[in-house]
Amino acid sequence: MSKITVRNLNLYYGSRQVLKGVDLQIRERSVMALLGPSGCGKSSFLRCLNRMNDLTKDSRVEGEVLLDGENVYDRRVDTMLLRKKVGMVFQQPTPFPMSIYDNVAYGPRSHGIRRKEILDEIVEQALQDAFLYGEVRDGLKRPAGGLSGGQKQRLCIARALAVSPEVLLMDEPTSALDPSSTLRIEDLIKELAKKLTIVMVTHNMQQAVRISHDAALFLEGEVVEWGSAGQIFLRPRDMRTEAYISGRF
């Protein structure tokens, strides 16, 4: 079952067209890996899914992004509620300059939750879901800036999880991490995909093979090919996909 359906999506930054007629379906409770060389439109596409491109000056979108059958670009859509449903984790871990607890509680507080016992429960659950609670449970009031790189990224994931999203967008979430932290995040992603839809940009082909259910290859703003991970990696239909997968592109 498709969680997100993209139809004829075009994205412009001023007069420059960044995405060209993208059609794509993203299955519910799966990991979709977005592949392709730098500058091919992967991250821009990711930002279209929760309208982060609205924050970019002179951006313009044509086409449809259907979330559970409803177009997120309908003018009646509340973008704050959309971004609650479709969370995002960026390439560089970016904890807020506050405590570990307050980082995770930030989103729920923004949506009106004030009771301490409820916030305590949300923070603990989000940190557990992000595989971090056992490491920080005795220091929740410590500044988040003191965490290691891998812990900071898991904190950012916990912060996104705290508002109960249905989709999690991840833009190269392990590119700044060491191998051990990368594997920890990959295990986390596989576990989260049991209850969330995850769309992830990655340049690491081995990583995509390890954790993705589906994959799509972007080249120069277009989707060359998309499908199940097995089909894309083992039986690509397009010569350009085969060339990219094999490292000859």
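The values are calculated or read from the model by the stated rules, or taken from the named source; none is laboratory data. As the structure is a computational prediction, the values presented were derived from the model and not from experiment. Positions of Cβ are generated from backbone atoms using ideal geometry, with glycine treated the same way; all protein chains shown enter the neighbour counts. Side chains included, ligands, DNA and RNA excluded: accessible areas come from the protein's heavy atoms. Shrake-Rupley method; radii C 1.70, N 1.55, O 1.52, S 1.80 Å.
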Q. Name the residues in region 153-203 that are part of a helix (DSSP H, G or I) and open to solvent by 30 Å² or more (accessible area, probe 1.4 Å), would you?
A. Arg159, Pro179, Ser180, Leu183, Arg184, Asp187, Lys190, Glu191
Q: All but one of (1) open to solvent by 40 Å² or more (accessible area, probe 1.4 Å); (2) part of a helix (DSSP H, G or I); (3) touching a residue at least 12 places away in the same chain (Cβ under 8 Å) hold for Lys141, so report the exception by its number.
A: (2)
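Every residue, every condition in (1) outside any strand (DSSP E or B); (2) under 27 Å from Lys195 (Cβ atoms), yes or no:
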residue: Val6; (1), (2): no, yes
residue: Leu11; (1), (2): no, no
residue: Pro37; (1), (2): yes, no
residue: Ser44; (1), (2): yes, no
residue: Arg47; (1), (2): yes, yes
residue: Lys57; (1), (2): yes, no
**Q.** Residue count for region 30-88, restricted to those that are at positive phi and either open to solvent by less than 50 Å² (accessible area, probe 1.4 Å) or among the charged types (D, E, K, R) (or both)
**A.** 6
Q. Within region 121-128, can one find any residue that is surrounded by fewer than 14 Cβ atoms within 10 Å (Cβ to Cβ) and not in a loop (DSSP other than H, G, I, E, B)?
A. yes
**Q.** All helices (runs of 4 or more DSSP H) inside region 204-248 with 1 or more residues being open to solvent by less than 90 Å² (accessible area, probe 1.4 Å) and within 18 Å of Met170 (Cβ to Cβ)
**A.** 205-211, 229-234
